[in-house]
Amino acid sequence: MILVTGANGNLGSATLATLRARGVDAMGGSRTPGEGMRRLDFDDRLSLDLAGVSTLVLISAGYAEDDRVVGRHAAILDAAVRNGVRHLVYTSLTTAGDHLGFALAHRATERLVRAGGLPWTILRNGLYAELFGGLLMWSGDGDGVESAFGEGALAAVAREDLADAAAIVAANPAGHRGRVYDLVGTPITAGQVAGRLGVPHRTIGLGEYRHRLLHRTPGLLPFQPPMLASIATGIRHGFLDGTAPDLTGLLGRPARDPLATAAAAASATRPEAGVQQR
């Protein structure tokens, strides 16, 4: 049986749905499991039970500070060894993202994966097209978008393509043993997304962007503004636009259009007329 962690999250749920649609025996795991899921609380090591799991798809539990993320991953990896899991698939971060504010937890986890003794596959996922579109900020009147991305491009990937790739690997893990895949897409710019939406794009400075994150974006946790700022400067200065053939090679088809996906995500955040945007 395949078990997908983070099954209540976007990537985990999509991966699980893809596996089941293909008729593969798969189950989801979550801290707050739904029907047909297994409870997995990475913060409660002694409770982690992977009995009966042949392949574990570890969706990165990245919503915390680095030490806590790596500790959570170490706990589930220890459980995988203890319970006899035969293959591990880890969703990591694209190789080009080494300088990003959240890269350390991924690379530290990759070290644990390699040292753990289990057969493994590492999927170095590119940044989501949905994230790129969602980070564009609408003007107060909704007539244009702003960003700190400048003219830089991101080799963005539709989340559903990454879920399909994870499902393909998990369904036939022996064919991907010891492989590291760099799953990036076609480079797109904020200006292109704005063009698809039929509105202008205005570039703001990184200082202004950080100020908005710190003072005008409610709900962010303390570690999140530096992470988001690192994405902006990485795109702006051309560090995240490289392409690779791994994604289409795994999928066996063209990737979904990241520009359309990003534009849809941006459109979904468009404010109503007269509503002030951050």
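The values are calculated or read from the model by the stated rules, or taken from the named source; none is laboratory data. What you are looking at is a predicted structure, and each value in this text was computed from that prediction instead of being measured. Here the Cβ positions follow ideal geometry from the backbone for every residue, glycine too, while neighbour counts run over all protein chains shown. All accessible areas refer to the heavy atoms of the entire protein, side chains included, with ligands and DNA or RNA removed. Shrake-Rupley method; radii C 1.70, N 1.55, O 1.52, S 1.80 Å.
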* Asked: Tally time: how many residues in region 223-278 are modelled with pLDDT of 95 or more, more than 20 Å from residue 189 (Cα to Cα) and of a type in the set (Gly, Ala, Ser)?
  -> 2
* Taking residue 5 and the conditions (1) open to solvent by 10 Å² or more (accessible area, probe 1.4 Å); (2) under 29 Å from residue 222 (Cβ atoms); (3) touching a Leu at 6+ places or on another chain (Cβ under 6 Å), which numbered condition does it fall short on, given that it satisfies the others? -> (1)
* Among strands (runs of 3 or more DSSP E) lying entirely in region 167-278, which contain 3 or more residues that are under 23 Å from the mean Cα position of the chain (by Cα)? -> 180-183, 186-189
* Asked: When you look at residue 95, is it surrounded by 21 or more Cβ atoms within 10 Å (Cβ to Cβ), of a type in the set (Val, Ile, Thr) and under 22 Å from residue 165 (Cβ atoms), yes or no?
  -> no
* Asked: Which residue pairs have Cβ atoms under 6 Å apart, sit 6 or more places apart or on different chains, and have a first residue in region 139-163 that is in contact (Cβ under 8 Å) with a residue 24 or more places away in the chain and on the phi < 0 side of the Ramachandran plot and a second that is among the charged types (D, E, K, R) and open to solvent by 10 Å² or more (accessible area, probe 1.4 Å)?
  -> 146/202; 149/236; 152/236; 153/241; 155/241; 158/256; 159/130; 161/256
* Asked: Are any of the residues in region 71-78 open to solvent by less than 40 Å² (accessible area, probe 1.4 Å), assigned to a loop (DSSP other than H, G, I, E, B), more than 27 Å from residue 211 (Cβ to Cβ) and free of Cβ contacts under 8 Å to residues at least 60 places away in the same chain?
  -> no
* Run residue 38 past the list (1) assigned to a loop (DSSP other than H, G, I, E, B); (2) surrounded by 16 or more Cβ atoms within 10 Å (Cβ to Cβ) and report the number of the one that doesn't hold. => (1)
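Being of a type in the set (Ser, Thr, Tyr), over 30 Å from residue 3 (Cβ atoms) and open to solvent by 30 Å² or more (accessible area, probe 1.4 Å) narrows it down to one of 248, 186, so name that one.
On the way: 248 fails: over 30 Å from residue 3 (Cβ atoms).
Going through 248, 186 in turn, the sole match is 186.
Would you check if residue 54 is of a type outside the set (D, E, K, R), over 13 Å from residue 89 (Cα atoms) and open to solvent by less than 40 Å² (accessible area, probe 1.4 Å)? Step through it out loud before you land on a result.
Working: of a type outside the set (D, E, K, R): yes; over 13 Å from residue 89 (Cα atoms): no; open to solvent by less than 40 Å² (accessible area, probe 1.4 Å): yes.
In short, no.
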